[in-house]
1. Would you mind telling me which numbered condition in (1) part of a helix (DSSP H, G or I); (2) under 18 Å from the mean Cα position of the chain (by Cα); (3) not β-branched (Val, Ile, Thr) B:GLN273 fails?
2. Within region A:1-33, how many residues are assigned to a strand (DSSP E or B) and surrounded by 20 or more Cβ atoms within 10 Å (Cβ to Cβ)?
3. Which pairs have Cβ atoms under 8 Å, sit 6 or more apart or on different chains, and link a residue in region A:94-105 that is facing another protein chain (nearest Cβ under 9 Å) and crowded, with 24+ Cβ neighbours inside 10 Å to one that is part of a loop (DSSP other than H, G, I, E, B) and among the hydroxyl-bearing types (Ser, Thr, Tyr)?
4. What do you reckon, is A:ARG180 crowded, with 17+ Cβ neighbours inside 10 Å and either more than 12 Å from chain B (Cβ to nearest Cβ) or among the charged types (D, E, K, R) (or both)?
5. Across region B:254-277, what is the total count of residues that are more than 23 Å from B:LEU23 (Cβ to Cβ), without any contact (Cβ under 8 Å) to a residue 60 or more places away in the chain and surrounded by 17 or more Cβ atoms within 10 Å (Cβ to Cβ)?
6. Six or more apart or on different chains, Cβ atoms under 8 Å: show the pairs whose first residue is in region A:117-133 and within 14 Å of chain B (Cβ to nearest Cβ) and whose second is of a type in the set (A, V, I, L, M, F, W, C) and assigned to a helix (DSSP H, G or I).
7. Of the residues in region A:155-167, how many are out of contact with any strand residue (DSSP E or B) (no Cβ under 9 Å at 6 or more places or on another chain), hydrophobic (A, V, I, L, M, F, W, C) and either closer than 14 Å to A:LEU191 by Cα or away from chain B (no Cβ under 14 Å) (or both)?
8. Taking B:VAL155 as meeting all but one of (1) surrounded by fewer than 21 Cβ atoms within 10 Å (Cβ to Cβ); (2) at pLDDT below 95; (3) β-branched (Val, Ile, Thr), write down the number of the exception.
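The values are calculated or read from the model by the stated rules, or taken from the named source; none is laboratory data. Please read all numbers here as calculations on a predicted model, not as lab measurements. Cβ placement follows ideal geometry from the backbone for every residue including glycine, while neighbour counts extend to all protein chains displayed.
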Amino acid sequence: MALLEVENLVARYGRITALDGIALTVEQGEIVTLIGANGAGKTTTLRTISGLVRPAAGTIRFDGRDISKLAPNDIVRAGISHSPEGRHVFPRMTVRENLELGAYTRTAKSEIAEDTEQVLGIFPRLRERYEQKAGTMSGGEQQMLAIARAMMSRPRLLLLDEPSLGLSPILVQTIFGVIRDINARGTTVLLIEQNARQALAVAARGYVLEVGRIAHSGAAAELSASEAVRAAYLGGAA
Amino acid sequence: MDVFLQQLINGLSLGGIYALIALGYTMVYGIIELINFAHGDVYTLGTFFSLAILTLLGVTGIVTGPALIVVVAVTILGAMILCGLTGVIVERLAYRRLRNAPKLAPLITAIGMSFILENLMLYWHGPSPIPFPAVIPNPAVGLGSVTIQAKQIMVIVLAVVLMVVLQVFVYNTKLGKAMRATAQDKDAAQLMGININTTIALTFLIGSALAGAAGFVSGVYYGSTWFLNGFAAGLKAFTAAVLGGIGNLAGAMLGGFLIGLTEAMTTQFISDQWSNVVVFSVLVLVLIFRPTGLLGESLPNKV
């Protein structure tokens, strides 16, 4: 049984259909990526999985349990953590407070302290900025904080929406290294990226979204080699 | 100088009441960006509930000895609980469904809620002023030529104690942190596992409970109330919240005391007919130079 199973997922904003019957699975321990153009429905897919958007139809099963009607806060408790598009750090709170909120659903103080040490080890920059307000930090630092904060709930499945958006090429490399690292420690990852080449390099499998439907899917290497995907998302013939 | 000191005391006690009400405006605005026009009426309800509790306790005048502490504690707590529940019910019935509606819809609804509460109180006690029992003995303490009344001390002490408790709650507890997170970013707060409906209800509970405490204090302080009492007081408390920087707790307290002082000083040194003019002129002047209010933050939400 897959960790995450999405079937026939439909989501609408008013009269606009954003997701028109999506099916995807994520196995325990995998990195899976969703690629596609702006407006294809990538972000909506993640927002529906984490409960911020109510599905109009379809099921979302996490660890065998239907979570499609749960509130976002209950979905976090079930073991899914979402680092949203646009970072959404709490601007008037410090790095420390943001990380504490990431662990909001947890109570074991010693484990939280351990995980705080771990994410500060992954992102040394956050240790330097520990008592600084998140809103005063650079975009790259905020992105690191958003990922670190999402890890603080000790999720079984981590949803990452455009973690490399707006970052310098060096930072992009760092972030993808971190994603590999997080995955190696046992967290399953569902990743959205504009940077399809990088995403397919780090992922085991991928799905290509086109206007609310899955157009292609398969092993990352196959997608990278596919003519149709190369032409549309990898900047033509390489 | 003595007159000035006297008015300083008067202004601080008046300001304590405004500050307690202003906290409710600023908390609700901070968390759902709604100007809760019904809040001034919740304050009046606080006085009405206090009166009902005192009547139940059989209190019609001054209480002395140990009974005084019991009566005051029971009445304040009762008024706080009842007003807090009123706030929660108002939010649940009138505002929650409109949370994602255009801003004007909940605003108009708030004005409607204000009328509903006012008319319920009109139905309850009629249109005339209602006497409120003195409750506490009121010996005036002389300090030189300045006299401080016991009830003024009560107002100031109660206001300061409640504000300290609120600060500690908001900045040092997990629920307080959840409130601040919800105020700053609702989507992100939910993704942390925070139930924002509960958190917003809690904000209404606390803000309205503070108005309830202010309602009791104002009954004792003025010795009477009526169903429209909260209209003017609510407007000034809202002004206090804006003056201090709406959404900012310390700002609401500072604004409350400043407005109380301005009113007292104007009444003494100019004329009480001018007090509203001066209060709102101060507001306009402050906003010209600091549009976000005295302590308002201008940190952008998105960088």
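1. Every condition holds for B:GLN273 apart from (2).
2. So the answer is 12.
3. Every condition considered, the pairs that remain are A:GLY102/A:SER153.
4. Against the criterion (crowded, with 17+ Cβ neighbours inside 10 Å and either more than 12 Å from chain B (Cβ to nearest Cβ) or among the charged types (D, E, K, R) (or both)), A:ARG180 does not qualify.
5. Of the residues in region B:254-277, 1 are more than 23 Å from B:LEU23 (Cβ to Cβ), without any contact (Cβ under 8 Å) to a residue 60 or more places away in the chain and surrounded by 17 or more Cβ atoms within 10 Å (Cβ to Cβ).
6. Every condition considered, the pairs that remain are A:ARG129/A:VAL95; A:GLN132/A:VAL95.
7. Number of matching residues: 1.
8. All conditions are met except number (1).
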